[in-house]
Structure formats: structure tokens, C-alpha cells
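Below you'll find the structure, written out as C-alpha cells, and then a few comments.
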Amino acid sequence: MKNAGSIPDPAYAALATDSKLRDLLVFHNVARALTSSLDRNAILRAIMQQMEQFFKPETWSLLLVDEARNDLYHAVAVGYTSTDMRDLRVPMGHGLAGWVAEHGESLIVPEVSQDPRFDPRFTTLAEEVAASPSFRIRSAICMPLRSRNRTLGVIQLFNCQLDTLTDYTISFLHVLCDYAAIAIDNARAMERIQELTITDDCTGLYNVRHLYRVLEDYADPVARGSAPFSLIFIDIDHFKDVNDQHGHLVGSHILKEVGQTLRAGLRRQDIVFRYGGDEFVILLPGAGKRPAQHVAERILKNMRERCFGNVLSLEIRASLGVATWPEDGATLHEIIRSADTMMYLVKGANRDNIAIAGRGIIAS
């Protein structure tokens with residue numbers, strides 16, 4: 001085993017004695033348990049347990065690659081008392097973890113302060129929020145989690161007893177990382193499949209199937225308690241004219257722009273769905289009548305101020321209906337019907353406005 005630099009691929013053929021075969025069988029069972037779950041959190045918890053059992057580091061962390069931002073974030077950090085580790089992101093190629101993620105190679109570093117790849121900027125916070133106030137990072141083992149020639153993440157073990165490590169024990173870590181990477185990759189694939197089943201292809205918003213699934217929980221007082229929520233039902237005014245004059249390709253693009261405009265007017269916890277055709281529904285968790293009205297007014301203002309269709313610069317308007325649970329409907333279908341009825345009240349008047357259950361059309 002090398003004291004620093006890259007770790008060679010584990011020599012599985014070396015694990016040939018009876019005792020080692022028994023140990024390998026135990027580890028194989030653990031690996032099978034890892035791959036039997038598609039729940040990423042369950043997978044990471046299993047990794048955590050094995051890291052502590054086999055290597056007994058003072059602290060350790062598992063970072064996952066965020067491909068969109070080209071950096072790594074802490075998915076699990078063991079031995080810390082603060083959630084601030086979520087804010088400690090490591091750019092690709094920087095620090096030990098960033099180097100391992102970029103190169104896809106493992107590192108054993110007996111003294112991190114003497115390794116040129118070590119960057120204290122990415123460990124200062126880790127030391128500050130450690131469970132022990134005297135904790136300082138001295139040594140590190142960094143292993144990539146790789147699947148299909150991609151690095152999915154990095155496991156960092158800090159302050160292990162390196163003198164007790166052997167090629168045999170390191171081979172255990174290699175096998176664990178191999179299985180963990182496959183399991184995480186499978187979990188991501190399943191998440192993507194599930195996302196596709198609840199996402200509208202045209203707008204990228206959640207679809208009506210997911211709306212009903214979410215509302216089943218929100219409209220259940222046993223599950224949610226007495227906290228209110230509101231719905232905004234939205235219908236694009238004269239959208240058929242857009243399709244007739246400019247074609248369905250332009251119409252689809254405008255629906256996507258409308259979805260973006262709706263999301264821009266929402267709070268962080270709000271969820272927007274494409275109900276079908278040119279209709280949308282927004283769920284406002286915890287919002288009563290007045291907050292829901294404010295959100296609807298903001299959406300109406302955003303729609304009026306934006307031009308749609310890129311160079312076409314089309315003016316697109318919408319009719320909005322607002323209803324609040326439980327006062328405007330005690331069941332899932334009643335609350336949707338109330339918001340839908342208010343929307344049609346606006347459509348039957350001058351459109352481009354808001355109607356609120358129990359109040360009717362408001363001046364906006």
C-alpha cells in the first residue's frame with residue numbers, strides 16, 4: 001500500500017485464505033444490501049455504517065458531484081454537530097476531494113498539510129463545526145465513487161489509524177465504493193424515471209397526475225392538520241387564436257414561457273402544475289385567502305408586463321380563480337372545483353383578471 005498518491009486497483013485474487021473469504025462473504029452481503037435499495041438516503045446510511053465499522057475515522061464525509069454547478073456538496077457528514085456542512089461546496093479540481101473527483105483516482109495522505117493538493121479553505125468550516133472542539137484534520141483517505149466512467153462522488157475519511165491499514169482492508173473500501181457508486185447511479189436513474197412520470201414534457205412543470213397525488217395529502221386533515229392551503233386555477237385567454245395564427249410549435253413554446261412566468265411569481269414552497277391544454281394550477285401551502293390573492297395579483301402583473309414568443313412579442317393574458325381549503329371545499333374535488341369555478345367566472349366577464357371564492361371578481 002502506498003502512503004501517498006494513487007491507490008492501485010484491489011487485487012481480489014489475493015483474498016484467498018479461508019478467513020478472508022469469510023470476511024469477503026460478509027462484505028458481499030453488505031454490498032448486496034446496498035444494491036437492494038433505490039432510496040439514496042438509505043444507501044448513504046448504509047455506507048456510513050460500514051465506514052465507521054471498518055475504518056473508524058474520527059470524522060468522515062460523502063460528497064456528491066453536482067454536474068450543473070461543476071462542484072461537490074456534502075450529502076452526508078458524520079461527526080459534525082452543525083448543518084452548515086451543506087454550505088461547504090468544493091469546486092471540481094480544488095482540494096483533496098475536488099482533485100479525486102476530477103481525476104477519478106484515490107488518495108491516502110498521511111499528513112494533509114504537506115500535500116500540495118490540500119486546500120485549507122475547504123476544511124476550515126469542517127473543523128469549526130466538528131463535534132469535538134479540538135478536532136483538526138491530520139490525515140485523509142479520499143476515494144472516488146465511480147460508475148460508467150463517471151465520478152458520482154467522493155468519500156473522505158479523516159484521521160484514520162493509517163498504520164493499521166493494509167492492502168486487504170483498503171480492498172474492502174474499493175469494493176464498497178464500487179457497489180456504492182452502482183447503487184447511487186441506480187437510485188439516480190430511478191429518480192429520473194419517477195420524475196418523467198410526474199413531469200409535463202412541454203413546460204417542464206409537474207403534470208396533473210402529480211397534482212392529484214399531492215392534493216390527496218393536502219386535503220386530508222388527518223395527515224396535514226388544520227393548516228390551510230390555496231389553489232390558483234389559471235387559463236390562458238384566447239390561446240386558441242395563438243395556435244391558429246402562429247402554429248402549435250409557437251404555442252408550445254409560449255406555454256413553456258408561461259410556466260416560467262408563473263414560477264417567477266411564486267414563493268419558494270409553492271408548486272405549479274400544468275393541468276392540461278392551456279390550463280395551470282398553483283398550490284400555495286399554508287396560504288389563506290389574503291396571501292393567495294397577493295400571489296395571484298403578482299402573477300397577473302407579471303403576465304401583463306411580459307411579451308411572449310421571442311421576436312413575436314405577443315401579449316398573453318390569463319384568467320385566474322382562487323380557492324382556499326377548507327372553507328371553499330373540504331375534499332380534493334371540491335377545492336379544485338371551487339378554484340375552477342372562479343376562473344370561469346373571470347372568463348365569462350372581461351378575462352385578464354382574478355376571482356376569489358366567496359368574494360367574486362376583484363378589481364385588478
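Readers should treat all values here as calculations from the given coordinates under stated rules, not as data from a laboratory. Here the structure is a predicted model, which is why all the values come from computation and not from measurement. As a convention, Cβ positions derive from the backbone with ideal geometry for all residues, glycine included, and neighbour counts pool all protein chains shown.
Points to keep in mind about this one:
- Under 18 Å of direct C-alpha separation, and excluding same-chain neighbours fewer than eight residues apart, LYS347 reaches these aspartates and glutamates: ASP235, ASP237, ASP241, ASP278, GLU279, GLU297, GLU315.
- Sequentially through the stretch 59-67, phi angles give Karplus couplings (6.51, -1.76, 1.60; θ = phi - 60°) of 8, 7, 8, 10, 10, 10, 7, 9, 5 Hz, Gly and Pro residues having no value and appearing as x.
- Between the amide H of VAL76 and those of LEU62, distances stay under 5 Å, these residues lying 5 or more places away or on another chain, with hydrogens modeled in the peptide plane.
- The stretch 208-362, Cα convex hull volume normalised per residue, Å³: 100 Å³
- Our coupling estimate for the stretch 284-293, obtained by passing each phi through the Karplus curve with A = 6.51, B = -1.76, C = 1.60 and θ = phi - 60°, is 10, x, x, 9, x, 4, 5, x, 5, 4 Hz, Gly and Pro reported as x.
- Amide H to amide H, with H built 1.01 Å from N, ASP352 comes under 5 Å of ALA318, SER319, counting only residues 5 or more places away or on other chains.
- For ARG138, residues with placed amide H under 5 Å, excluding near neighbours: ASN159
- Peptide packing for 114-121, 259-266, 179-186 was compared via the average number of neighbouring C-beta atoms within 10 Å per residue; ordered from the highest value, the list is 179-186, 259-266, 114-121.
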